[in-house]
Each structure stands twice: as C-alpha cells, then as structure tokens.
1. Enumerate the pairs (first residue in the range 116-136 and within 15 Å of Thr63 (Cβ to Cβ); second residue anywhere and among the basic types (Lys, Arg) and surrounded by 15 or more Cβ atoms within 10 Å (Cβ to Cβ)) with beta-carbon separation below 7 Å, excluding pairs fewer than 6 apart on the same chain, so at least 6 apart or on different chains.
2. With the range 14-106 as the region, which helices (runs of 4 or more DSSP H) entirely inside it contain at least 3 residues that are at pLDDT below 90 and either over 22 Å from Ser128 (Cα atoms) or in contact with a helix residue (DSSP H, G or I) (Cβ under 8 Å, 6 or more places away or on another chain) (or both)?
3. For the structure I just gave you, tell me whether Asp32 is loosely packed, with under 13 Cβ neighbours inside 10 Å, over 30 Å from Ala150 (Cα atoms) and without any contact (Cβ under 8 Å) to a residue 60 or more places away in the chain.
4. For the range 78-106, enumerate the residues that are within 15 Å of Ala143 (Cβ to Cβ) and in contact with an Asp or Glu (Cβ under 7 Å, 6 or more places away or on another chain).
5. Out of the residues in the range 145-177 that are under 30 Å from Ser91 (Cα atoms) and assigned to a loop (DSSP other than H, G, I, E, B), state the one that is modelled with the highest pLDDT.
6. Output the residue which, of all residues in the range 119-143 that are under 18 Å from Phe81 (Cβ atoms), hydrophobic (A, V, I, L, M, F, W, C) and at pLDDT 90 or above, is surrounded by the most Cβ atoms within 10 Å (Cβ to Cβ).
7. Evaluate the following for Gln83: is it farther than 30 Å from Pro149 by Cα, of a type outside the set (A, V, I, L, M, F, W, C), surrounded by fewer than 17 Cβ atoms within 10 Å (Cβ to Cβ) and touching a residue at least 40 places away in the same chain (Cβ under 8 Å)?
Amino acid sequence: MVSPLVFVEPLPSTAQWLSTLDTANEHNFRRDLGSAHETIMQGVSPGRASSAAGAWALWVDFTSDLGLDPFLQAFQDKIPFLQVFAQRLRSGELAPKGNPIRARTVEDYLRHVAQTYLRVGALDPRLSANHAIDFRLTRTWRAWKSADPAPTRVKPVPITVIRRIATLALTTRAADPFFIAVADMIIIAFFFLLRPGEYTDNTNDPF
C-alpha cells in the first residue's frame, strides 16, 4: 500500500519564477518536481512516509489557523512557533487521537516538519545560528523525557524455556510431528523475530 503523500508547493521565489514560464514548461517542471518528491518519500518505509505526511498536514493546519504560511517566511526566528506546536502535540490538543504523547514522538513530529522544509530547499527551522538544534527545543525534550514514565518492558524469555520446549517436543508422544513443528516455530520466533513489543499493549499508558 502506498503511503499518502502531501505535495509541497515550491517556495515563493521558485513559484514566482515558474509563473514566468509558458504553460507547458511550468506543467512539466511541476510534474518532475512532484516525481522527485515522491522518490524522496520512497527512501523510507511506508509507515515512516505516512507519519511524515501526517505531521506536515498537522503543521499546515496549525500555521493556517494562525494566518501564516507553513514556511513562516516572515519570521527569522521560527522556534516560538515550533514550541507552541510541540506544546499542543504534547498536551494532546493537536495529537491525532487527542491524547497526550511522549517527548520522543513530539520530537519526531518536528523532525518530519523540518525534513519537509529541507525537501524544498528551505533551512531547517529547528536550527540556531550555530547550525545545531536550538537549545530551547533540546531543553524541552530533556524536561519532557524526564517526566515521561519509563517504557513498559517485556521480560525476555530465558533460553532454558526454549531448551525445555525442544526436549518435550522430542520426548512427548513418541516425538509427535505436530509437537515438533510447534517447537520449531517457537524456536524460530525466539531467535529470528524477538519483537515482543509488537504483540503486547499496555492500554493504561496515557502517553
């Protein structure tokens, strides 16, 4: 399934230049630029591309409500807008499900917004004059991460359990093929999947 893609219009300077072209050249340029954007999005997994598109759509809605363009070209310091956007995501006001979300997820949303800026040749809005993530954001992430509850960890299965399963499969009911097949599947899952987090869910976690 192809992830949804939010097409990003060229920056105004490029758009102004496009307006000077004849209709055919403008159409061809926009078509090829759209293909180039799609290629960039194909460089990540469909889930990641979908998250990026969703984050940008939220950012566009946020800036539109303030009467601003999503690239905030009238402002040299874009951090205050990112801070408010992050704060509303954190509180759940802008979060897709309306629930408060963890610091790392909010950080991902802002990263997706910044990557969309970079896709059209704009500067990363998170950066300070020394080309590092602005301390107002990094200090916020640090505070929120300290406040977030520790992630729920699933205790690893001891290797002795796997050995016991293999032994029982070979000795129970005269080495029944069904039990051997089940044991083989468990062993494969243990050594090659090892993704317990995808099969468990703590619904009591508000974040």
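The values are calculated or read from the model by the stated rules, or taken from the named source; none is laboratory data. If you're wondering where the values come from, they're calculated on a predicted model, not measured in any experiment. Counting neighbours? That spans all protein chains shown, and the Cβs are built from the backbone with ideal geometry, glycine included.
1. Pro125/Lys78
2. Because the criterion is at least 3 residues that are at pLDDT below 90 and either over 22 Å from Ser128 (Cα atoms) or in contact with a helix residue (DSSP H, G or I) (Cβ under 8 Å, 6 or more places away or on another chain) (or both), the helices (runs of 4 or more DSSP H) in the range 14-106 that meet it are 23-41, 46-65.
3. So Asp32 passes the test.
4. Arg102, Ala103
5. Selected residue: Asp148.
6. Filtering first and then ranking leaves Leu137.
7. No, not satisfied.
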